[in-house]
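Working notes for the structure below.
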Amino acid sequence: MDIQCECGQFHARLKAFPRNTPGRLVCYCDDCQAYLHHLKRNDLLDAHGGTEVIPAYPADIEILSGREHLKCTRLSPKGAFRFSVSCCNSPIVGLRPGMPWASFPRSAYPVDEQQLDQTLGPVRSRVMGRYAQGTPPAGTADKLNLKAVMTVLPFMLKGVLLKKSRPSPFFAEDGLTPIVMPQIVNDAPRQGV
Ligand SMILES: [Zn+2]
Ligand SMILES: [Zn+2]
């Protein structure tokens, strides 16, 4: 499966997809919303402020081109490392060192809805609905619920057992240092808080 920015200059590939993904998830949290506002890409949020993500393992990612366009943003000194590209201002991925989890936004997958439906089926869980704009779809967890945890638990456990958090192409060999210096921002408006 390919990963691309909007203009196509950044290009990566996911090995072992769709095997190694927990599927389509939607997060309505204030950080995800604040981040897209910061990038001035709120056009990528859904009608309720949600971001659809399709996670993969860091060790399954191979960057093919456009590495020089990567920027790294953190919303706080302890926040996730959120990578985007300067060529077309597209969000690419969110990660934390040591976690077998790389959150790719739906927009980074250059496939149409039909292909996605055929490969992964419908959205499997919606979380952090307390920060949603208006009323999110029925079944959205207020924060996290057991169903949401159970949706991703097998993926997380397998990732820990198989040590899929590294090597990550977004971190140096130590697994801790991001390949571009992160910029810490807290200018983004928090909505729905
Ligand atoms: Zn681009
Ligand atoms: Zn979120």
Assuming R0 = 30 Å, what is the FRET efficiency of residue 2 and residue 149, from their Cβ-Cβ distance, to the nearest 0.05?
0.50
Per residue and in Å³, how big is the convex hull formed by the alpha-carbon atoms of the chain?
114 Å³
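Within the set 40/71; 15/158; 15/164; 143/164; 78/143, which residue pairs have Cα atoms separated by over 23 Å? Don't skip to the answer; put the middle values down first.
Working: 40/71 14 Å; 15/158 16 Å; 15/164 12 Å; 143/164 26 Å; 78/143 20 Å.
Among 40/71; 15/158; 15/164; 143/164; 78/143, the Cα-Cα distance tops 23 Å for 143/164.
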Given charges at beta-carbon only (K, R positive; D, E negative), |dipole| of the chain in Debye
600 debye
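If Lys and Arg each add +1 and Asp and Glu each add -1, what is the summed charge of the other residues whose beta carbon sits under 9 Å from the beta carbon of residue 164? Numbers along the way, then the final one.
Numbers: positive: 158, 163, 166; negative: 60.
Once positives and negatives cancel, what remains is +2.
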Work out from phi, with θ = phi - 60° and the Karplus expression 6.51 cos²θ - 1.76 cosθ + 1.60, the ³J(HN,Hα) of each residue of segment 37-43, listed in order in whole Hz, and give x for Gly and Pro.
5, 4, 6, 6, 10, 5, 4
Rounded to whole Hz and in sequence order, give me ³J(HN,Hα) for segment 171-187 from the Karplus expression 6.51 cos²θ - 1.76 cosθ + 1.60, θ = phi - 60°, writing x for Gly and Pro.
10, 5, 4, 5, x, 10, 8, x, 6, 10, 4, x, 9, 8, 10, 9, 7
Local electrostatic count, residue 135, Cβ distance below 15 Å [Lys/Arg +1, Asp/Glu -1]:
0
Between residue 179 and residues 5 or more places away or on another chain, which pairs have amide H atoms under 5 Å apart, with H built 1.01 Å from N, and which residues are they?
171, 172
Give a residue-ordered list of calculated ³J(HN,Hα) values for segment 150-163 (Karplus: 6.51 cos²θ - 1.76 cosθ + 1.60, θ = phi - 60°; whole Hz; x for Gly, Pro).
5, 5, 9, 4, x, 5, 5, 5, 4, x, 5, 4, 8, 6
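I need to check one value: relative contact order of segment 1-156, counting alpha carbon pairs closer than 8 Å and at least 6 residues apart, in percent.
Numbers: 294 pairs, mean separation 45.3, N = 156.
Worked out over segment 1-156, it gives 29 percent.
Please compute the net charge surrounding residue 41, taking Lys and Arg as +1 and Asp and Glu as -1 over other residues with Cβ under 14 Å from its Cβ. Kindly include the intermediate steps, with their values, before the conclusion.
Details: positive: 40, 71, 82, 106; negative: 6, 43, 46, 52.
Combined, the nearby Lys, Arg, Asp and Glu give 0.
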Alpha-carbon centroids, segment 110-181 and segment 23-48: separation in whole Å
13 Å
Between residue 92 and residues 5 or more places away or on another chain, which pairs have amide H atoms under 5 Å apart, with H built 1.01 Å from N, and which residues are they?
83, 84, 85
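None of the figures in this text is laboratory data; all of them are computed from the coordinates on show. What you are looking at is a predicted structure, and each value in this text was computed from that prediction instead of being measured. Cβ coordinates were reconstructed from backbone atoms using ideal geometry, including for glycine residues, and neighbour counts include every protein chain displayed.
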